[in-house]
Amino acid sequence: MVNGDFARLTRKHGIKISAGFPCTVEDIGLAVGEKVGHSSIKSLARMNSAVVIFLDQVEKVNRVIETGITVSEMFVRVQPLRSADAPCNQSGSIQRPCPS
């Protein structure tokens, strides 16, 4: 992958995985690669106690979030790197004009 390809990645392309047991970044990367194809992983790194992975397509991100992964025979939940905005007029929503 050349540097220009990284420029098109957004937070929508990212997932965050926090396993509740000791495992390596490689273990998590292999588990995600089994779900979406190893060549789909564009970047992965440990950040604090989680592993952050960027994939090449948002559809693959959604697939991994929906299905989760298995690492060392343990199910691990996958979270999106981006957070969805709360709908307008709900508690905690960001004050801005509602889309038409």
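Within region 1-26, work out how many residues are under 13 Å from the mean Cα position of the chain (by Cα) and in a loop (DSSP other than H, G, I, E, B).
Applying the first criterion (under 13 Å from the mean Cα position of the chain (by Cα)) to region 1-26 yields 9-18.
Narrowing further to those that are in a loop (DSSP other than H, G, I, E, B): 9-10, 18.
Count: 3.
Give just the number: which of (1) at pLDDT below 95; (2) in a helix (DSSP H, G or I) does Gly29 not satisfy?
Unmet condition: (1).
Restrict the check to region 1-17 and report whether at least one residue is in contact (Cβ under 8 Å) with a residue 24 or more places away in the chain, surrounded by 16 or more Cβ atoms within 10 Å (Cβ to Cβ) and among the acidic types (Asp, Glu).
no
For region 27-40, which residues satisfy the criterion of being within 21 Å of Met74 (Cα to Cα) and not charged (D, E, K, R)?
Restricting attention to region 27-40, the residues satisfying the condition of being within 21 Å of Met74 (Cα to Cα) are 27-38.
Of everything in region 27-40, those that are within 21 Å of Met74 (Cα to Cα) and not charged (D, E, K, R) turn out to be Ile28, Gly29, Leu30, Ala31, Val32, Gly33, Val36, Gly37, His38.
From Glu34, Glu66, grab the single residue that is at pLDDT 95 or above, more than 13 Å from the chain's Cα centre (by Cα), surrounded by fewer than 16 Cβ atoms within 10 Å (Cβ to Cβ) and charged (D, E, K, R). Walk me through how you get there before you give the answer.
Numbers: Glu66 fails: more than 13 Å from the chain's Cα centre (by Cα).
That would be Glu34, the only listed residue that is at pLDDT 95 or above, more than 13 Å from the chain's Cα centre (by Cα), surrounded by fewer than 16 Cβ atoms within 10 Å (Cβ to Cβ) and charged (D, E, K, R).
Quick test for you: out of Ser72, Ser100, pick the one residue that is modelled with pLDDT of 90 or more, of a type in the set (Gly, Ala, Ser) and more than 13 Å from the chain's Cα centre (by Cα). Can you show your working first?
On the way: Ser100 fails: modelled with pLDDT of 90 or more.
Result: Ser72 is the single residue among Ser72, Ser100 that is modelled with pLDDT of 90 or more, of a type in the set (Gly, Ala, Ser) and more than 13 Å from the chain's Cα centre (by Cα).
The values are calculated or read from the model by the stated rules, or taken from the named source; none is laboratory data. Just so you know, these numbers come straight off a predicted model, no measurement behind them. Here Cβ is always computed from backbone atoms with ideal geometry, including for glycine, and neighbour counts include all displayed protein chains.
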